[in-house]
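The values are calculated or read from the model by the stated rules, or taken from the named source; none is laboratory data. Because the structure is a prediction, the values reported are computed rather than measured. Cβ: placed from backbone, ideal geometry, glycine included. Neighbour counts: every protein chain shown.
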Amino acid sequence: MFESDVDRDELGAVSAAELGRLQADTGLDFEWVGNTRTNARIFRTPAALTRDEATALARRIGVMEGVLWAAVEAGQGTVYARSALPAVAGIEDFIIRFKRGAGSLPLHVAKLSAVAGAGLVPTSETVGTAQVYRLLRPVSLTEAGEIERRLEALPEVRYADPVTRLKAQATVEPVTPSDEYFPQQWHLQSGPGAVAGSANVQAAWSLIRGAPEITVAVLDSGVLFAPTHPDLENRLAYRNAEKTVIVGWDMIRNPRFARDGNARDKKPKDEGDWETVGWCGKEDGRPVPSEFKPAEWHGSHVAGIIGAVTDNGIGVSGVDWFARIEPVRVLGPCDGNAKDIIQGIWWAAGKKGVGGTQPNPRPAHVINMSLGPDAPGSGPCPDAMQEAIDYALSRNAVVVVSAGNEKDDTRNYAPANCRGVIAVSAVGPSGDLASYSNFGAEVAVAAPGGDTGANGERPQDGILSTLNTSRKRPSAEGMSYGAMDGTSMAAPVVSGVVSLMLAADTEKKLDPQRIVAILRDTARPFPEGSRCATELEGRCGAGIVDAYAAVKAAMSQTIGPRAQ
């Protein structure tokens, strides 16, 4: 399925031209066998592949021009190809040296391209006795490594080196903000004393600190507004000069759960998700909840991780200093309704005509969903949710989701198992997988989510962010800070890193597939001996997100007039 297929009612057969392009770029004779219910194209490989081979192939297809995502169907050699985007702008040339007597170079072009799985064209440039070949499309470092191994397996090739860039090994000077509680925010810190589980954000601030034109939608419980948390007030976008109406939407249709006396409206304020005994009904004859549950202010905690006002001398620091936070309220007491969440994705991405709303004046560049199913192992991604995500991806919105807190495989947990999202697992300060975190093939990267212990006995190991002390309705005097842990905290760390990457992208070359490829390629390895490096190897993501390395990879050679 290609970008023009997004949000279409019916699809015909894949065109011969597109099938031919797929075959030419991969060197495989794919067979088109149909479409999914959400219009993804289904292709069958000509021979059985191992899971690792199929995953590598899917990632290569996923960054092709015009594909939104590609994934492997579990237990089959089938690759789903969704509307495409260009590869990471990284490796463009190879230096290839042939063995003596291997023949004249032009004769090798077709064979080299077929083996490489990517078009190679000889240039007039030489390096010593080797020839420089230009790729028809740039590839990521990971794909370049695969091409290198395939080419060097040829008997005619002595070596095939991807042409990388080198840099002077200057020491990065981390930026230290003036916020009171920054020393307690281990998940941001860089340099000497930083823990293994840090996202290395402090070093990234030496490159870029954000840009106010970037919008991060937070699909959650709303935000502390009127009264507004002082560490969030200047990070929201306002519809009027008086700052009485913020950009966002309350998507909760049921007035009982909205708690504001009406259905959907333009006030995504967190009204408090407290629950009295039995408020959510009964389960097996027992009231749910069985005791009073105080408000959590989850959406504000997530928003603060992404972008609490930074370097203002109070409170905490956010990953991004300047991006605008756009609250989309989809969670309330008794959690959230899937219909409201799916509609929230459509609205955040800029879709017009979403029921009970007005058009979003600031379509999101990043959509954060720190949420998951309330029933463990609830099954595959719902088709309606996948359609909304595909629309967001087609609008160049990056969708970041939490992997879940069930200590289980993500394959049965939506939205972590939806195609095209960046699913994030959680690590604690040690860099190992948090005790609660889900894991699985769907996970792209890990990020600090904290690990405070079964009874919260280690609050210093949580993620500190913005909260309210009120147990019910928000209060002005209750604006405060506190630690939480969960993959709900890990996802917004990655969303903040993505917004920094977009701020650094002065040439507007980034798109969702490029971004996930950069995050994978630049992630730090899990600590030696950790679960993610041993029994769960390959199932916690590519590594721990590294903000500095990701931003550096996303940057052009010169940074334009962005906020610094």
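Odds and ends about this structure:
- For segment 313-364, filtered to residues that are among the basic types (Lys, Arg) and more than 19 Å from the chain's Cα centre (by Cα), the residue that is farthest from TYR238 (Cα to Cα) is LYS339.
- Residues (of a type in the set (Gly, Ala, Ser) and out of contact with any Phe, Trp or Tyr (no Cβ under 9 Å at 6 or more places or on another chain)) located in segment 114-160: ALA114, GLY117, ALA118, GLY119, SER124, GLY128, SER140, GLY145, ALA153
- The set of residues in segment 407-431 being surrounded by fewer than 24 Cβ atoms within 10 Å (Cβ to Cβ) and within 30 Å of GLY193 (Cα to Cα) consists of LYS407, PRO429, SER430, GLY431.
- Scanning segment 467-486 for residues that are free of Cβ contacts under 8 Å to residues at least 24 places away in the same chain and part of a helix (DSSP H, G or I) yields a count of 2.
- Search result, residues across segment 418-436 that are in a loop (DSSP other than H, G, I, E, B) and either over 22 Å from PRO382 (Cα atoms) or not small (Gly, Ala, Ser) (or both): CYS418, ARG419, VAL421, GLY428, PRO429, SER430, GLY431, ASP432, ALA434, SER435, TYR436
- Considered as a group, the residues in segment 250-271 that are of a type in the set (A, V, I, L, M) and part of a loop (DSSP other than H, G, I, E, B) include one that is surrounded by the most Cβ atoms within 10 Å (Cβ to Cβ), and that residue is MET251.
- Residue within segment 158-172 that is at pLDDT below 95, under 30 Å from THR452 (Cβ atoms) and touching a Lys or Arg at 6+ places or on another chain (Cβ under 9 Å) present: no
- Residue in segment 272-286 that is among the acidic types (Asp, Glu), buried (at least 23 other Cβ atoms within 10 Å of the Cβ), in a loop (DSSP other than H, G, I, E, B) and in contact with an Asp or Glu (Cβ under 8 Å, 6 or more places away or on another chain) present: yes
- Qualifying residue in segment 361-369 (condition: polar (S, T, N, Q), part of a loop (DSSP other than H, G, I, E, B), closer than 21 Å to ALA303 by Cα and modelled with pLDDT of 95 or more): no
- Segment 187-220, subset in contact with a Phe, Trp or Tyr (Cβ under 9 Å, 6 or more places away or on another chain) and among the polar types (S, T, N, Q), residue surrounded by the most Cβ atoms within 10 Å (Cβ to Cβ): SER198
- Test: residue in segment 287-304 that is assigned to a loop (DSSP other than H, G, I, E, B) and crowded, with 23+ Cβ neighbours inside 10 Å: yes
- Boolean, VAL498 is part of a helix (DSSP H, G or I), modelled with pLDDT of 95 or more and out of contact with any Ser or Thr (no Cβ under 7 Å at 6 or more places or on another chain): yes
- PRO415, sole failed condition from (1) in a strand (DSSP E or B); (2) touching a Leu at 6+ places or on another chain (Cβ under 9 Å): (1)
- When GLU125 is tested against (1) modelled with pLDDT of 80 or more; (2) over 35 Å from the mean Cα position of the chain (by Cα); (3) of a type in the set (Asp, Glu), exactly one condition is not met: (1).
- Options PRO333, PRO373: the member that is modelled with pLDDT under 90 and either surrounded by fewer than 22 Cβ atoms within 10 Å (Cβ to Cβ) or in contact with a Lys or Arg (Cβ under 9 Å, 6 or more places away or on another chain) (or both): PRO373
- Selection status of GLU180, over 28 Å from GLY449 (Cβ atoms), of a type outside the set (Phe, Trp, Tyr) and either modelled with pLDDT of 90 or more or exposed (fewer than 14 other Cβ atoms within 10 Å of the Cβ) (or both): no
- Matching entry among ASP311, ASP273 (being touching a Cys at 6+ places or on another chain (Cβ under 9 Å), closer than 27 Å to TYR181 by Cα and touching a residue at least 40 places away in the same chain (Cβ under 8 Å)): ASP273
- So VAL309, is it in a loop (DSSP other than H, G, I, E, B), in contact with a strand residue (DSSP E or B) (Cβ under 8 Å, 6 or more places away or on another chain) and β-branched (Val, Ile, Thr): no
- Any hit, segment 353-363, residues being buried (at least 19 other Cβ atoms within 10 Å of the Cβ) and either free of Cβ contacts under 8 Å to residues at least 12 places away in the same chain or not assigned by TED's automatic domain parsing to the domain that holds ILE422 (or both): yes
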